[in-house]
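Participant: Before we start, here is the structure in question, set down as structure tokens.
The values are calculated or read from the model by the stated rules, or taken from the named source; none is laboratory data. What you are looking at is a predicted structure, and each value in this text was computed from that prediction instead of being measured. When we count neighbours, we look across all protein chains shown, and the Cβ atoms used for this are built from the backbone with ideal geometry, even at glycine. Keep in mind that these areas ignore ligands, DNA and RNA; they rest on the heavy atoms of the full protein, side chains included. Shrake-Rupley method; radii C 1.70, N 1.55, O 1.52, S 1.80 Å.
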Amino acid sequence: MSTRNLDRMFKPNSVAVIGASPQPQSIGRLVMDNLLHGGFSGPIMPVNPNHRSISGVLAYADIESLPETPDLALICTPPETVPTIIDQLGARGVRAAAVLTAGLSAIVQDNGETITQSMVSAAKRHGMRILGHNCLGLLVPGIGLNASFAHTSALPGQIAFVSQSGALCTSVLDWAKPRGIGFSHFISMGDMAELDFGDVLDYLGSDPDTSAILLYIETIRHNRTFMSAARAAARNKPVLAIKSGRAKEGARAATSHTGALTSNDAVYDAAFARAGMLRVYEFEELFAAVETLSRGRRPGGERLAILTNGGGLGVMAVDDLIELGGTLAELSDKTIAALDAVLPQTWSHANPVDIIGDANGERYEAALRVLLDAKEIDAILVMHCPVAVVRPTEIAQTIVKLAQEKPRSAIMTCFVGEEFAAPAREIMAQSNISCFDTPLKSVQAFMHTVNHRRNQVILMETPPSLPTIFKPATATAKLIVESVLASGRTTLSEPEAKAVLSAYGIPIVETHIAKSPSDATHIADAMGYPVVVKIMSPDITHKSDVGGVILGLKNRQAVEQACNAMTERLKDNLPHAQVSGFSIQKMARRPDAYELIVGVTLDPVFGPVIMFGQGGTAVEVISDRAVALPPLNMALARDLVSRTKISKLLGGYRDHAPTDIDAICLTLNQVAQLIIDIPEIEELDINPLFADDQGVLALDARIKVATATGVGSDRLAIRPYPQNLESTFTIKGHDGEGPRHVQIRPIRPEDEPNHHVFISKLTPEDIRFRFFGLVKELPHSQMARLTQIDYDREMAFIATWTTPENKQETLGVVRVFTDPDNDKAEFSIVVRSDMKGAGLGYELLRKMIDYCRSRGTRAMVGQVLSENRRMLNFVQTLGFEITGRVEADIVEVQLQL
């Protein structure tokens, strides 16, 4: 993933069209016409050996004949010609191309490579970026660039639209233009042979001309790069997505409940939420959502009040709100009393606040002022239906006046109707207040803000790579898994699976293995009654389905009879099934416990996925579950639990005490850490997991394993915070103080507030040396980019200590950004002005050098102002050499690793 050379793609100064054609309706002709009519101010150079001009523009016979090297090349030639053209363009110095040609992957050449593979290889040799193939092209209306064969142009705006489907691109263009919706970028991704979503998200996320990013996704090929770029972009601006292919054609063959229950679409939901994105389901909703997120103040909570002059409208809005998972604000006695003082006695005295059909602007204003002051309300939906005695524009002007008086208030509006309501909606639009024409659209818009806010909270969570709240016996669990694989098995027995869980601190019921009915009776006698007997067979996935579980056995005779009965039943029903023994476990007496399921399965796109929900033998029928991507922490685990129906019961009701939610969340964390530490685990079920006010207890477990390569965190879509890179450094105290301990660790998102303070304490000279200019403060978008990093492609170590007031302070930071080929890492370093001379800068840079060397990076490079002699001398003591001048006053230093 890289934004290298994407400026050439999306901000070209010149364009060449390879395969431009005078033939009507040909791709080469359509592209030329769109370029010429779009208003692009740079040179447009058609290449065609058979024509002197195309669309009235002088044509060139070949790439070598071009009078200048274009920034962007558009390729509209037959598939077989594309790799050679890419090679010629690269040799000429072109660094960006859009391949509109289709069918490259279907043709296999004599060397065994597809044309797509040859094209990508040629592009890689020259550091060239490729959009497509099989794409519509791209439009950047702000610079008049229509480098596509779309049937219409796009209006300029601040929304970026990125789509895998060319057909959807043309549909959205056709839909958006008459509605006055404009775009900063309109990009057809095509088959994503080289450039993918991660690259484009990275570019658009920091593009100042783009305020929101809209995605149409069919599939994601590089999970970690997508998640990394989406998370970085979503921290700066709204990122919304439509994902097609939601229907599950058939359950994937799976040996676990979790594998059968977890749909790929549910995993996409979890991934989008974890990336801080908002998912919608049709493109009209997509644009409505971005309008809501871009206008006005977003609510700080989820409690909605509804103010209406029509009771029916209010009821419809409440129905929609509850169905969509929203929360209706409950009016306090103080608010009801305040409304009583300004409204007729016939008002509804509840939320929705129905102020009666003949309500004029004064009545709306009085009621709205009360609701705006109510602490129990986070947002207000003001609704109006047409009546003969009041014009909607009067109500609209009242709302605008109060919104201007209270600019921090979260107000949304709904003016129902068409002829009378249209002028009121226009007033709302001019005042930048969200307005809709139906209760459902209004409530959907509110829920977009709620769900986006929830996902933004999830986005900020950066779980550690090592557990901090429990200490697993990882070596014990690994040994069990390795012995199972060594024996040629892929499924752990129930006792083995429980032993693995126990090694990670998950409470299990006492379980022993019996080889025969006789052994079973002796074990049961030693354990004490009552007991549970389960049949053990590598050929049985779910024991209860074949009568292989018998509960509450009170004596040895019952145990022996149960073992014999299960064996005979299995011979009759599954004669080829092999019986390897019986598991004997203590009968767990937890009468008020809920049966839950915790599981893991491997998603083909996003890797390991954790599932939680209501368990038991009817788990597939009940189908109450939610999924999340690891790694987890307690906050993310609690969010996972909250997204199930059973979570409401777990909170307690009537004579049922609240369940120990922390114990459930800890179990989810333990399972998440288990699959990070042991990559051989492919599927895992704990079903049932008993949970009550006394904690949790795993009654049954199943684990499927396979030989793995690499470390567990490699298969995660989100790299965990690298806690193993933390270290401690001791410096001398100031003014007679004793030694101070400084922690040096990777930067985290929650460091942003302290980073603002850190920047503010730098001297003007330090700021100029670091940023090559005077910077008073960094905006949130840039600071978020500095503190919320992707540990796969960049690293920043900060030095921090705890003040006597028990507050964390940032003392210095060193960071590197590595190119996609891990060839060079560009570094920068700054230490707080009052900490210089303490050895902190040396320790920071030395740690970064060691880190880059461990990753196999070839060289570290940096740019230093030539007058910054202190920095130049400092880096030279660590082996850096001055390699040349970047500009008259800037030198480059380099360290070969």
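Participant: Pairs please, first residue from region 739-766 and closer than 26 Å to TYR721 by Cβ, second anywhere and among the β-branched types (Val, Ile, Thr) and assigned to a loop (DSSP other than H, G, I, E, B), Cβ atoms under 7 Å, 6+ apart in sequence or on different chains.
Facilitator: ILE747/ILE789; ARG748/THR462; PRO749/THR462
Participant: Please state which of the following conditions LEU368 fails to meet, knowing it meets all the rest: (1) at pLDDT below 95; (2) in contact with a strand residue (DSSP E or B) (Cβ under 9 Å, 6 or more places away or on another chain).
Facilitator: In the conditions (1) at pLDDT below 95; (2) in contact with a strand residue (DSSP E or B) (Cβ under 9 Å, 6 or more places away or on another chain), LEU368 misses (1) alone.
Participant: Among the residues in region 549-563, are any at pLDDT 90 or above, of a type in the set (D, E, K, R), at negative phi and assigned to a loop (DSSP other than H, G, I, E, B)?
Facilitator: Among the residues of region 549-563, at least one is at pLDDT 90 or above, of a type in the set (D, E, K, R), at negative phi and assigned to a loop (DSSP other than H, G, I, E, B), which makes the answer yes.
Participant: Give, as residue ranges, the helices (runs of 4 or more DSSP H) completely inside region 599-655 that count at least 1 residues that are closer than 20 Å to VAL267 by Cβ, under 16 Å from the mean Cα position of the chain (by Cα) and touching a residue at least 24 places away in the same chain (Cβ under 8 Å). Lay out the reasoning, then the answer.
Facilitator: On the way: elements: 619-622, 634-642, 646-650.
The helices (runs of 4 or more DSSP H) meeting that bar are 634-642.
Participant: Next question, about the same structure. Which condition does THR511 not pass, out of (1) surrounded by fewer than 17 Cβ atoms within 10 Å (Cβ to Cβ); (2) closer than 30 Å to ASP662 by Cα, if it passes all the others?
Facilitator: Failed condition: (1).
Participant: Of the conditions (1) under 15 Å from ARG295 (Cβ atoms); (2) open to solvent by 10 Å² or more (accessible area, probe 1.4 Å); (3) of a type outside the set (Gly, Ala, Ser); (4) at pLDDT 95 or above, LEU381 fails just one. Which one is it?
Facilitator: All conditions pass for LEU381, except number (2).
Participant: Exactly one of these conditions fails for VAL605: (1) farther than 19 Å from GLN670 by Cα; (2) β-branched (Val, Ile, Thr); (3) crowded, with 18+ Cβ neighbours inside 10 Å. Give me its number.
Facilitator: (3)
Participant: If we keep just the residues of region 31-52 that are farther than 15 Å from LEU145 by Cβ and in contact with a strand residue (DSSP E or B) (Cβ under 8 Å, 6 or more places away or on another chain), which is surrounded by the fewest Cβ atoms within 10 Å (Cβ to Cβ)? Steps first, please.
Facilitator: Initial filter on region 31-52 (farther than 15 Å from LEU145 by Cβ): 46-52.
Among the residues that remain, those that are also in contact with a strand residue (DSSP E or B) (Cβ under 8 Å, 6 or more places away or on another chain) are: 46-48, 52.
Numbers: PRO46: 27, VAL47: 27, ASN48: 22, ARG52: 9.
In this case the residue turns out to be ARG52.
Participant: Quickly run through region 788-821 and pick out the residues that are more than 22 Å from SER206 (Cα to Cα), open to solvent by 30 Å² or more (accessible area, probe 1.4 Å) and in contact (Cβ under 8 Å) with a residue 12 or more places away in the chain.
Facilitator: If the condition is that a residue be more than 22 Å from SER206 (Cα to Cα), open to solvent by 30 Å² or more (accessible area, probe 1.4 Å) and in contact (Cβ under 8 Å) with a residue 12 or more places away in the chain, then GLN808, GLU809 are the ones that fit.
Participant: Further, regarding this structure: In region 429-444, which residues are within 23 Å of PRO352 (Cβ to Cβ) and either buried (at least 24 other Cβ atoms within 10 Å of the Cβ) or hydroxyl-bearing (Ser, Thr, Tyr) (or both)?
Facilitator: The first filter runs over region 429-444 and keeps only residues within 23 Å of PRO352 (Cβ to Cβ), leaving 433-444.
Listed by number, the residues that qualify are SER434, CYS435, PHE436, THR438, PRO439, SER442, VAL443.
Participant: Take the conditions more than 14 Å from the chain's Cα centre (by Cα), surrounded by 24 or more Cβ atoms within 10 Å (Cβ to Cβ) and modelled with pLDDT under 90 and apply them to SER244. Does it pass?
Facilitator: Values: more than 14 Å from the chain's Cα centre (by Cα): yes; surrounded by 24 or more Cβ atoms within 10 Å (Cβ to Cβ): no; modelled with pLDDT under 90: yes.
Taking the combined requirement at face value, the residue does not satisfy it.
Participant: Then there is this: Would you mind telling me which numbered condition in (1) of a type outside the set (Phe, Trp, Tyr); (2) closer than 20 Å to ARG625 by Cβ; (3) open to solvent by 10 Å² or more (accessible area, probe 1.4 Å); (4) in contact with a strand residue (DSSP E or B) (Cβ under 7 Å, 6 or more places away or on another chain) ALA717 fails?
Facilitator: It is condition (3) that ALA717 fails.
Participant: Do the conditions hold for ALA20, that is, is it surrounded by 19 or more Cβ atoms within 10 Å (Cβ to Cβ), at pLDDT 95 or above and within 38 Å of the chain's Cα centre (by Cα)?
Facilitator: Working: surrounded by 19 or more Cβ atoms within 10 Å (Cβ to Cβ): yes; at pLDDT 95 or above: yes; within 38 Å of the chain's Cα centre (by Cα): no.
So ALA20 fails the test.
Participant: So, of the residues in region 63-80 that are more than 22 Å from ASN146 (Cβ to Cβ) and open to solvent by less than 50 Å² (accessible area, probe 1.4 Å), which turns out to be farthest from the chain's Cα centre (by Cα)?
Facilitator: Result: ILE63.
Participant: I would also like to ask the following. Looking for something more than 21 Å from VAL619 (Cα to Cα), open to solvent by 20 Å² or more (accessible area, probe 1.4 Å) and of a type in the set (S, T, N, Q) - is there at least one such residue anywhere in region 669-690?
Facilitator: No - not one qualifying residue is present in region 669-690.
Participant: Can you go through ILE336, ILE356, ILE322 and tell me which one is modelled with pLDDT of 90 or more and either open to solvent by less than 60 Å² (accessible area, probe 1.4 Å) or outside any helix (DSSP H, G or I) (or both)?
Facilitator: On the way: ILE356 fails: modelled with pLDDT of 90 or more; ILE322 fails: either open to solvent by less than 60 Å² (accessible area, probe 1.4 Å) or outside any helix (DSSP H, G or I) (or both).
The unique qualifying residue is ILE336.
Participant: Does at least one position in region 866-874 carry a residue that is outside any helix (DSSP H, G or I), closer than 24 Å to LYS761 by Cα and either basic (Lys, Arg) or open to solvent by 30 Å² or more (accessible area, probe 1.4 Å) (or both)?
Facilitator: Filtering region 866-874 for residues outside any helix (DSSP H, G or I) gives 866-868.
Now narrow it down to the ones that are closer than 24 Å to LYS761 by Cα: 866-868.
From what's left, either basic (Lys, Arg) or open to solvent by 30 Å² or more (accessible area, probe 1.4 Å) (or both): 866-867.
Looking through region 866-874, at least one residue is outside any helix (DSSP H, G or I), closer than 24 Å to LYS761 by Cα and either basic (Lys, Arg) or open to solvent by 30 Å² or more (accessible area, probe 1.4 Å) (or both).
Participant: Out of the residues in region 401-426 that are under 36 Å from the mean Cα position of the chain (by Cα) and assigned to a helix (DSSP H, G or I), which is surrounded by the fewest Cβ atoms within 10 Å (Cβ to Cβ)?
Facilitator: Checked region 401-426; the qualifying residue surrounded by the fewest Cβ atoms within 10 Å (Cβ to Cβ) is GLN404.
Participant: May I ask you to list the residues in region 309-319 that are polar (S, T, N, Q) and open to solvent by 50 Å² or more (accessible area, probe 1.4 Å)? Explain how you work it out, then say what you get.
Facilitator: To start, the set of residues in region 309-319 that are polar (S, T, N, Q) comprises 309.
Once the filter is applied, which keeps residues that are polar (S, T, N, Q) and open to solvent by 50 Å² or more (accessible area, probe 1.4 Å), region 309-319 yields nothing.
Participant: Going through LEU278, LEU215 one at a time, which residue ends up being over 30 Å from LYS375 (Cα atoms), at pLDDT 90 or above and open to solvent by less than 10 Å² (accessible area, probe 1.4 Å)? Spell out the reasoning first.
Facilitator: Values: LEU278 fails: over 30 Å from LYS375 (Cα atoms).
Only one candidate passes the filter, namely LEU215.
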